[in-house]
Amino acid sequence: MKKKIKIEYEEDNENNNNLSDITEDEDYSDEDYVEKKKKSTTKKTNSKIKKNNTTTTTNTTSIKVKDELIESIELKPCQHSLKLHKFKNKQEIQEIRESMLRWYEKNKRDLPWRKHESSFDENVIAYRVWVSEIMLQQTRVATVIEYFNRWIEKWPTINDLASTTIEEVNKVWSGLGYYRRAKNLWLGSKYVVDNFNSKIPSDVKSLLEINGIGPYTAGAISSIAFNNPVPLVDGNVIRVLSRVRSIGANPKLSSTVKLFWELGNDLVESVENPCNFNQSLMELGATICSVQSPQCKQCPIQSNCQAYQQEKQFIKPEPKNSISKFFQPKNNNNNTNDIESSSSSSIKPTVTLNLTDICKICQSFEDSDGPTESVCRYPKKVLKTKARDENVNVFLIHQKKSNLFLLTQRPDTGLLASLYEAPSIIEEIQTKSKRKTKKDDNSEEENDDNEESGDDDDDDDDDDEKKSKKRKKPTTTKTTTNKITKEFIEKEILNKLFKSSTDITIKSVKSIGIVIHKFSHINQTLTVYDCPCDFKKEPIPNDKSQTKNICWLKLDEIQSSVGVSKQMLKCFELIK
């Protein structure tokens, strides 16, 4: 039996407590929800509960429940029914389906991974979808097209990819960033060949077994390649659904993500063409329902969008210094009425809510890092952790006669795994407000292996850069560094790389420029040094060196021979 509570809002001048202190990424039953608040509120508020009475009095809320004894509950400013985020009925769902499919058929972009020749079987189509979706994570469509075409030309089938090496994969991926995606794609192809007889599975459960495939990529492959009615939720779909159903919550919390997947499933569950419908949601988010400048008038589901209806109803407040205020007639007789009207307007309405129907995921927009008056308030933008600063000394050690440059390969795991680079030494600048975490050493992006985002998430990063000016900059302390000399290079680099450092001699050391590069969690400043050297025969690598591989390459052969990161290519450009 459902319990109904009548909640009367009252002003609290001392404490404006709400439900935000409950951990949002945990699932609470109604009993747990009330029990947890009981423990936290008894210490903060003065409660009077009469066992045979129906009234509960607190500093913040008054709850009236007939024949029931319930502890006081403090409500969020955004408290509302969970039904607000659900689709009203099957008719509304059908309207959205039909509108989206009509719009997509007329407006879909001509992209290479959407072109399926008659000779392609389901496995080839699934492979092409898989490659495109991995490349599109955290990367713009315009950038991906060239890389996708080059990739498919070199490895047209999954067997071709599985038979190559990680060095070849990194070479083709070089410059696209987020190199762990390339490694997982390569490892995934080997897994499919070994465990699924080279056939990419069509069901989500089996797809999730493959390296680098998370719920979104699994849904994309299953629905787009095999036309299965399964949902997919990426950054674009999250933006569309959060606005259509006005979901004002952190989109990365598990409770919010769960709701998005439920909504996505409601829409695609019995649709005639799951392939085109899921792509229509992503297309709408990428082209019309954009991060900063949504084109609401061109949206096919405008009438179903709650965020758009809220924006139309929003009345922009008049500025405090508006000139119109100076021309309003004075009427002393209305002072009393003004006071009465202001006092009456401050009385908050009584709201009747079902205890089992309270939305527990939405939050106040007071701490939002984005606009709060338009459809752009959805999804709620949260402040990101400030990236740490890092200084890197890069040494371009090369023999002038042969024009050969020394390159070393990075470890198989961690930042820029398995890529080649010029010998480098990191000097970290620690901030007082942020400690170094394990994640900084082992990842190059904010998301985990199986977390994916839409193709325009770079826009979010741009927004954060613009608004970072408003945030207080933490003080930094720079570590003291040794002066870069020939002796320093021989001691810190050559002695560790080669059996005998006397086989190679550094002629001079000269700083030739600085390269700035930003990762999602690190801001790197690379100081580049020109270090010409001489040796009679190629030095023998040290067996005890932690470096995986060492090679000497000509400057114009580096990019075409091995996988090199974008910032390292910029460093080599300084010496040309």
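The values are calculated or read from the model by the stated rules, or taken from the named source; none is laboratory data. Here the structure is a predicted model, which means the values were calculated and not measured. Positions of Cβ are backbone-derived with ideal geometry, glycine not excepted, and every protein chain shown enters the neighbour counts. What goes into the accessible areas is simple: the full protein's heavy atoms, side chains included, and nothing from ligands, DNA or RNA. Shrake-Rupley method; radii C 1.70, N 1.55, O 1.52, S 1.80 Å.
Results, tabulated for the structure shown:
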| quantity | calculated |
| --- | --- |
| Answer residue from region 458-511, given it is polar (S, T, N, Q), open to solvent by 50 Å² or more (accessible area, probe 1.4 Å) and modelled with pLDDT under 60 and is farthest from the chain's Cα centre (by Cα) among those | Asn482 |
| Extreme residue, modelled with the lowest pLDDT, among residues of region 217-238 that are open to solvent by 10 Å² or more (accessible area, probe 1.4 Å) and touching a Ser or Thr at 6+ places or on another chain (Cβ under 9 Å) | Gly235 |
| Residue in region 416-439 that is most open to solvent (accessible area, probe 1.4 Å), counting only those that are modelled with pLDDT of 85 or more and more than 26 Å from Glu538 (Cα to Cα) | Ile426 |
| Qualifying position, being open to solvent by 10 Å² or more (accessible area, probe 1.4 Å), among the aliphatic types (A, V, I, L, M) and farther than 17 Å from Leu101 by Cβ, among Val204, Val271 | Val204 |
| Within region 96-187, helices (runs of 4 or more DSSP H) holding 1 or more residues that are closer than 16 Å to Gln279 by Cβ and open to solvent by less than 10 Å² (accessible area, probe 1.4 Å) | 122-136, 141-154 |
| Residue check, Glu209 open to solvent by 60 Å² or more (accessible area, probe 1.4 Å) and outside any helix (DSSP H, G or I) | yes |
| Residue among Lys544, Lys536 that is in a loop (DSSP other than H, G, I, E, B), open to solvent by 40 Å² or more (accessible area, probe 1.4 Å), more than 15 Å from Lys496 (Cα to Cα) and modelled with pLDDT under 90 | Lys536 |
| Complete set of residues in region 249-265 that are surrounded by fewer than 24 Cβ atoms within 10 Å (Cβ to Cβ) and assigned to a loop (DSSP other than H, G, I, E, B) | Asn250, Pro251, Lys252, Leu253 |
| Residue list for region 188-199, restricted to those being of a type outside the set (Ser, Thr, Tyr) and assigned to a helix (DSSP H, G or I) | Gly188, Lys190, Val192, Val193, Asp194, Asn195 |
